[in-house]
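*Asks:* Encoded as structure tokens, here's the structure I'll be asking about.
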Amino acid sequence: MNNNQMNNNHDAAEFDYVIVGAGSAGCVLANRLSADGKHSVLLLEAGPRDTNIWIHVPLGYGKLFKEKTVNWMYQTEPEPGLDGRQVFQPRGKVLGGSSSINGLLYVRGQHEDYDRWRQRGNIGWGFDDVLPYFKKAENQTRGADDYHGIGGPLSVSDWRHADPLSEAFVKAAVEAGIPFNPDFNGATQEGAGFFQTTTRRGRRASSAFSYLRPAKGRGNLHIETSALAQRLVFEGRRARAVEYRQNGALRTARARKEILVSSGAYNSPQLLQLSGVGPGDVLQRVGVPVHHESPAVGRYMQDHVCYDYIFKASQPSLNEDLYPWWGKLRVGLQYILTRKGPLSLSVNQGGGYFRSRPDLPRPNIQLYFSPLTYEKTPPGTKKLMRPDPYPGFITSVSPCRPTSRGHLQIVSPDPRAAPAIHPNYLSTDHDVAELLAGARFLCRLAAAPSLAGIIAEELKPGSAVRSDAERIADIRARAYSVFHPVGTCRMGQDNAQAVVDHRLRLHGLANRRCIDASIFPKVTSGNTNAPAMLVGEKGADLVLADAG
Ligand SMILES: Cc1cc2nc3c(=O)[nH]c(=O)nc-3n(C[C@H](O)[C@H](O)[C@H](O)COP(=O)(O)OP(=O)(O)OC[C@H]3O[C@@H](n4cnc5c(N)ncnc54)[C@H](O)[C@@H]3O)c2cc1C
């Protein structure tokens, strides 16, 4: 069918804005664009409503990690830098998107990340420009200050359960030379401490919970779930409609003003490519007619890679709460009655950011600590994460600003076919060197008195792995993604190198923006949910400013 034709055989409805994807950014958009009642908004989501109870329990993370009813469960192609392994890539497929299945850590990144975005010509994206949006979004339970806001939709909280192993980790990090930092989202990110989380009174505060629930009663906001967008429909350069499939029927939603693609770092470039917007050679290879040559769609992908040290502990860890049935019963009751206890935690409580060399101007490595260990299930298996039957904990490092860049491309014109994902992990010497430096630090950390005293055994990598060559081999054998793909529709000044401009409009096309984590010009130094929601907040302002 000609891409300019509307399909006349199915329902067609018209809205001012059609948003594709109810994830971290999409829910923010839906709320903000429908707030003044002037515009009609349709929000399309491929997944279901967020009724799975494990979404709302923070430690339910492990239950959703391989739960296909709410998770796209992608797999990368074999990765040369990781010994040819395929790497599991969960993504939320439910109202709230990945914010409904993620690890809940609230991390904005470093001020310099945004200043670098602005220096690349992206006007309005420096730290001073974006800070007001972070504050506008936030309901910080510690109260407002220069860096934090109160009264916003997104609740940001401290842990409701003190975990002794996590406290020992923070003490050990200070002993190993990292200063204590009570707030990774304040004046500086550098230091060790406890993450804050997107939770409200012990429940997950996804973007659906925070932004959609309060807006659901609005007559001008229409939400369609189990609605898979398959194609954008053009009239010349203008995007006019979205074609989607719902309950077996093909439907069309027309947009009077704009179509906003917020389908995440994998599905946004996939949808654009399916619609004929992307690298011409890729599209022609799979038989999709080229509507607009846009070489950067699906290119310049970045992600954070992570490497673990795993220890058997001589003191109780969360494994004893979560492995035996009586432990599960106890923590389950505790959570139901008080919204506290282990189930109110994420898999990481302690963490930090440090410089692997003193001459570096800012932290280059993120630290994570988990007061539990679990069986890692191989790619392709659908088994849940299960805690180990002995006490244990994990320390991990993840370079903040990797230089490896990957790409993604459709392999079929069928919208249900997963795209081929090539992250190209550890393809630069820089990234390997940083992970190696991180691994050496984890060894020092394990020798710090507060951790050394509670280690019964180093399970992984084990004492046989100590030389640089052995460490690099182990990194390639065991490193994994922490699920922060970005950059596949990146923001920049021209169509050859980027997909959207600084107002998030697609280069060369009218009526259409991309608004989600795919637009990051470079990955931020840390977890990407708060930055994706920032893109939603700022994107909504840009859309409304142009609405006239
Ligand atoms: C397991 C996991 C753990 C993570 N942990 C953390 C963490 O602790 N802290 C942190 O800051 N970040 C974390 N992240 C990353 C963070 O959650 C994401 O970067 C962020 O949610 C991305 O937001 P987004 O709006 O770009 O995309 P998403 O939130 O993924 O939203 C995209 C939405 O679009 C929908 N969609 C896709 N295609 C279509 C289509 N064709 N039609 C209709 N709908 C469609 C999807 O179903 C989804 O709901 C984690 C991610 C994962 C997967």
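To keep it simple, each residue is scored yes or no on (1) in a strand (DSSP E or B); (2) not polar (S, T, N, Q).
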residue	(1), (2)
R256	yes, yes
A265	no, yes
Q270	no, no
Q273	no, no
V282	no, yes
P289	no, yes
R299	no, yes
Y307	yes, yes
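*Asks:* Further, regarding this structure: How many of the residues making up region 134-150 are surrounded by fewer than 20 Cβ atoms within 10 Å (Cβ to Cβ), in a loop (DSSP other than H, G, I, E, B) and either more than 24 Å from the chain's Cα centre (by Cα) or in contact (Cβ under 8 Å) with a residue 24 or more places away in the chain (or both)?
*Replies:* 6
*Asks:* Considering each of G219, G186 in turn, give the residue that is more than 16 Å from the ligand (Cβ to nearest atom), open to solvent by 10 Å² or more (accessible area, probe 1.4 Å) and not aromatic (F, W, Y). I'd like the intermediate steps shown before the answer.
*Replies:* Values: G186 fails: open to solvent by 10 Å² or more (accessible area, probe 1.4 Å).
When all the criteria are applied, what remains is G219.
*Asks:* With respect to V261, is the statement that it is within 15 Å of the ligand (Cβ to nearest atom) and within 30 Å of G60 (Cβ to Cβ) true?
*Replies:* yes
*Asks:* Additional query: Which members of region 244-269 meet the condition of being over 19 Å from V28 (Cα atoms) and either open to solvent by 10 Å² or more (accessible area, probe 1.4 Å) or aliphatic (A, V, I, L, M) (or both)?
*Replies:* Residues satisfying the conditions are Y244, R245, Q246, N247, G248, A249, L250, R251, A253, R254, R256.
*Asks:* Which one is nearest to the ligand (Cβ to nearest atom) among residues in region 93-133 that are under 18 Å from G152 (Cα atoms) and in a helix (DSSP H, G or I)?
*Replies:* Ranking the candidates gives S99 first.
*Asks:* Now a separate question. Here is a check on your reading of the model: is R32 crowded, with 21+ Cβ neighbours inside 10 Å, more than 30 Å from Q334 (Cα to Cα), more than 8 Å from the ligand (Cβ to nearest atom) and among the basic types (K, R)?
*Replies:* Yes: the conditions hold for R32.
*Asks:* Within the group R490, R505, R512, which residue is within 16 Å of the ligand (Cβ to nearest atom), touching a strand residue (DSSP E or B) at 6+ places or on another chain (Cβ under 7 Å) and basic (K, R)?
*Replies:* After applying the criteria, what remains is R512.
*Asks:* Moving on to the next point. Which residues, taken from region 249-287, are of a type outside the set (S, T, Y) and farther than 20 Å from S412 by Cβ?
*Replies:* Listed by number, the residues that qualify are A249, R251, A253, R254, A255, R256, K257, E258, I259, L260.
*Asks:* Now a separate question. For K382, all conditions in the list (1) open to solvent by 10 Å² or more (accessible area, probe 1.4 Å); (2) modelled with pLDDT under 95; (3) within 25 Å of E458 (Cβ to Cβ); (4) of a type outside the set (V, I, T) hold save one; what is the number of the exception?
*Replies:* Only one criterion in (1) open to solvent by 10 Å² or more (accessible area, probe 1.4 Å); (2) modelled with pLDDT under 95; (3) within 25 Å of E458 (Cβ to Cβ); (4) of a type outside the set (V, I, T) is unmet by K382, namely (3).
The values are calculated or read from the model by the stated rules, or taken from the named source; none is laboratory data. Model, not experiment: these values are computed from the prediction. Note: ideal-geometry Cβ built from the backbone for every residue, glycine included; neighbour counts use all protein chains shown. The area values use the complete protein model at the heavy-atom level, side chains included, leaving out ligands, DNA and RNA. Shrake-Rupley method; radii C 1.70, N 1.55, O 1.52, S 1.80 Å.
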